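Q: Supplied in structure tokens, the structure appears directly below.
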Amino acid sequence: MEDRIICDRKPQLMTLAAGDYWWCSCGRSKTQPFCDGSHKGTGLAPVKFTLTEEKTVAMCACKHSGKEPFCDGSHAKLPE
């Protein structure tokens, strides 16, 4: 199946504590930008990332970043 849903056309800025996180790559999660298991059956999987210290990050919400889970500006190139 592998259809990614665009949640937003701008990144989600957030400050996260040190630790492990699972970013939603499918766009179906109700707890964006984090995975809630809604990807099951899509052929997509969440992306695990680890922060070693508290950090402000720009999380990708368009689900098309080449630097997932972080925004790389790909949302600006998506068709309307």
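Q: Whole-Hz Karplus ³J(HN,Hα) for the range 41-55, in order, using 6.51 cos²θ - 1.76 cosθ + 1.60 and θ = phi - 60°, x for Gly and Pro?
A: Whole-Hz 3J(HN,Hα) from phi for the range 41-55: x, 9, x, 9, 9, x, 10, 7, 9, 10, 10, 8, 8, 4, 7.
Q: Which ³J(HN,Hα) values, rounded to whole Hz and listed in residue order, are derived for the range 8-13 from phi using the Karplus coefficients 6.51, -1.76 and 1.60 in 6.51 cos²θ - 1.76 cosθ + 1.60 with θ = phi - 60°, glycine and proline given as x?
A: These are the phi-based 3J(HN,Hα) values: 7, 9, 8, x, 9, 7 Hz.
Q: Accessible area per residue of the chain at 1.4 Å probe, in Å²? The partial results should precede the final answer.
A: Details: 4810 Å² over 80 residues.
Dividing the accessible area of the chain by its residue count gives 60 Å².
Q: Considering amide H positions built from the backbone, and no H for Pro or chain starts, which residues 5 or more places from CYS71, or on another chain, come under 5 Å of its amide H?
A: Counting only residues 5 or more places away or on other chains, the set is ALA58, MET59, CYS60.
Q: Grab the beta carbon distance between THR50 and GLN12, set R0 = 22 Å, and tell me the FRET efficiency rounded to 0.05. Could the numbers behind the result be given before it?
A: Numbers: r = 18 Å, r/R0 = 0.83.
In this case the efficiency is close to 0.75.
Q: Right, here's the next one. Could you give me the ³J(HN,Hα) list for the range 60-66, computed from phi with Karplus coefficients 6.51, -1.76, 1.60 and θ = phi - 60°, whole Hz, x at Gly and Pro?
A: Karplus values, whole Hz, x for Gly and Pro: 5, 10, 7, 6, 10, 5, x.
The values are calculated or read from the model by the stated rules, or taken from the named source; none is laboratory data. Just so we're clear, the structure is a prediction, and the values are computed from it rather than from any experiment. Using ideal geometry, Cβ is built from the backbone for each residue, glycine included, and neighbour counts are taken over all protein chains shown. The accessibility values were calculated without ligands, DNA or RNA, using every heavy atom of the protein model including side chains. Shrake-Rupley method; radii C 1.70, N 1.55, O 1.52, S 1.80 Å.
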